[in-house]
Amino acid sequence: MSRITRAVDVAIVGGGLVGMAVAAGLADAARAVGATVALVDASAWPPAEGGRRESVRDQAEEAYRPESVRTSSITPAARDFLNSDAVDVWRRVPIERRTPFRTMKVYGRRRHPVMRFEGRDRVWSDEDDPPLGWIVENTSLLQAMRERLLTSTDDERAGVQRLVGQVQQLDWDASTGWPLLHIARDASTPAARVERVAARLVVAADGGRSSVRRLADLSWYTQPYHQEAVVAVVHTRQPHDTAWQRFLSTGPLAVLPMGGRGQCSNIVWSTTPDEAHWLVQEASEAAFLHEVNRALHAEDAERLQVEAPAPPSSDWPEATELVAPRTPPTRAHFPLHLGHAPRYYRNHVVLVGDAAHVVHPLAGQGVNLGLADAESLCRRVTAAWHSGRDVGEEALLAAYQTERLPQNALMLASLHGIRSWFAWRLAEDTPLAQAADAVRSLGMQAATHWTPLRRLFVQMATGGK
Ligand SMILES: Cc1cc2nc3c(=O)[nH]c(=O)nc-3n(C[C@H](O)[C@H](O)[C@H](O)COP(=O)(O)OP(=O)(O)OC[C@H]3O[C@@H](n4cnc5c(N)ncnc54)[C@H](O)[C@@H]3O)c2cc1C
């Protein structure tokens, strides 16, 4: 059964980090002008998050235990958006679940960093001892966003309405031109099995495999990386505030501080699908740790025989003990691909986050780009509401695309280039390969020792804040 059950000003499809940020960014403005926003997601919010404002605070009182293996590195620019009066989410993330990192060291095959960045390279920041960014557990950020939205859903007539259901179809109302979402609701209530929601503007925040993008006939360029990202939480011997990254021939391996003071670390290891499968599905915890340490200290023991076996440099984090997170699994793997939509809007439908662009996780930029999309779109929708303009109008969406598409494309191309640069290898173990490797390392070292270039890298990586 299909009927129009509600008409809203903005329907956001997808309650991931980006869709939730758009909802939070619009909630107060919608209430102020009497506009309605619907947030549609296939999954219901966990019942434990039933709205006690202090629920997030309670966790802060407990000893730190990681909640999940998925984290995001949040840039200062994204933090500023999450901390803005409109979004008001950052202060709700417990301090031990957002861990600052002040140094970033990038290694190739050799034992000296080819690139090293410091928080103090953010010379434009007025913070004392500025971090380069924060490692935040995704579940904690989502929880903070839910808590924020629960404070803005008490008025049924305005603000954010939550709909649990899956968008299955999209068409356009002939008289208004508005998109009509066909949403499959909870199958246990047959009368409401399919609901049709009309919206002036549909925001597609439904991830890299976006159904809304496909249904709106927006094209998508994609390329598989033939790599999977393995994620895990480990203990390190010492607490630390450094983001380490080592580029191996199979892909980058990052060790990122967690737990507020860096007493744990998040591993993000991009590697071949076969190795990822073995590391996650087959390796014992001891074997997994052994592989992490081996990969950190020597990519290829035989090849590095001249320099190794060397005691682990004090520079390197030593993965010594796997933490058993509260929610299994302790390790997971995700296939990686690149994706970009050449156009971000069509007929009152606009793309944000991974629905618009998917990047390699090597520099932790995916959510940050999505939050920058959210900031740009919320700013324009709020301004349109205040001036009485239609939020679905072409000029607004074109201005959003003009701002965001070139910046996303630049980051996408840069990350693709960095990945290819490090993956590039001449024939194994020839003098020419070794010479090329040395030249490449020296080139990168020289580049990042040159202060203006180093600051330019930092400016890009931190969102310019
Ligand atoms: C291993 C790994 C590490 C990463 N690390 C970082 C990092 O450190 N920093 C960073 O910035 N980025 C990182 N990223 C990228 C980041 O995770 C993504 O960019 C981000 O999660 C995208 O958020 P999103 O809200 O756009 O999409 P998603 O998180 O994919 O959310 C989409 C939502 O839409 C819902 N949905 C889907 N289809 C429908 C439908 N038909 N109807 C209703 N709802 C639907 C889903 O239920 C989901 O809730 C990493 C990615 C990977 C794989």
Sort out which residues of region 338-355 are near the ligand (Cβ under 8 Å from one of its atoms) and either under 26 Å from LYS105 (Cβ atoms) or not charged (D, E, K, R) (or both), and write them in order of number. VAL352, GLY353, ALA355
Go through region 213-229 and give me each residue that's under 20 Å from the mean Cα position of the chain (by Cα) and modelled with pLDDT of 95 or more. ARG213, TRP220, TYR221, THR222, GLU228, ALA229
Residue selected from region 365-390 under the condition surrounded by fewer than 24 Cβ atoms within 10 Å (Cβ to Cβ) and assigned to a loop (DSSP other than H, G, I, E, B), by the criterion nearest to the ligand (Cβ to nearest atom): ASP390
Could you say which residue among GLY364, GLY353 is modelled with pLDDT under 95, on the phi > 0 side of the Ramachandran plot and under 18 Å from the mean Cα position of the chain (by Cα)? GLY364
Filter region 157-177 down to residues that are within 30 Å of ASP28 (Cβ to Cβ), polar (S, T, N, Q) and within 9 Å of the ligand (Cβ to nearest atom), then give me how many there are. 1
From the list ALA11, ALA21, which residue is assigned to a helix (DSSP H, G or I), modelled with pLDDT of 95 or more, within 15 Å of the ligand (Cβ to nearest atom) and on the phi < 0 side of the Ramachandran plot? ALA21
Looking at region 274-282, can you tell me whether even one residue there is within 20 Å of ARG70 (Cβ to Cβ), in a strand (DSSP E or B) and over 19 Å from the mean Cα position of the chain (by Cα)? no
Only unsatisfied item for MET115, checking (1) of a type outside the set (Phe, Trp, Tyr); (2) at pLDDT 80 or above; (3) assigned to a strand (DSSP E or B); (4) over 20 Å from the mean Cα position of the chain (by Cα), is (2)
Options LEU279, LEU248, LEU253: the member that is away from the ligand (no atom under 14 Å from the Cβ) and either buried (at least 19 other Cβ atoms within 10 Å of the Cβ) or over 26 Å from ARG419 (Cβ atoms) (or both): LEU248
Could you please find all residues in region 204-218 being within 11 Å of the ligand (Cβ to nearest atom) and either surrounded by fewer than 22 Cβ atoms within 10 Å (Cβ to Cβ) or more than 27 Å from PRO342 (Cβ to Cβ) (or both)? GLY207, GLY208, ARG209, SER211, ARG214, LEU215
Among ARG31, ARG79, which is at pLDDT below 95 and either within 22 Å of LEU371 (Cα to Cα) or away from the ligand (no atom under 13 Å from the Cβ) (or both)? ARG31
Out of TYR221, TYR225, report the one residue that is away from the ligand (no atom under 15 Å from the Cβ) and not charged (D, E, K, R). TYR221
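The values are calculated or read from the model by the stated rules, or taken from the named source; none is laboratory data. Remember, predicted model here, so these are calculated numbers, not experimental data. Don't worry about glycine lacking a Cβ; one is built from the backbone with ideal geometry, like all the others, and counts go over all protein chains shown.
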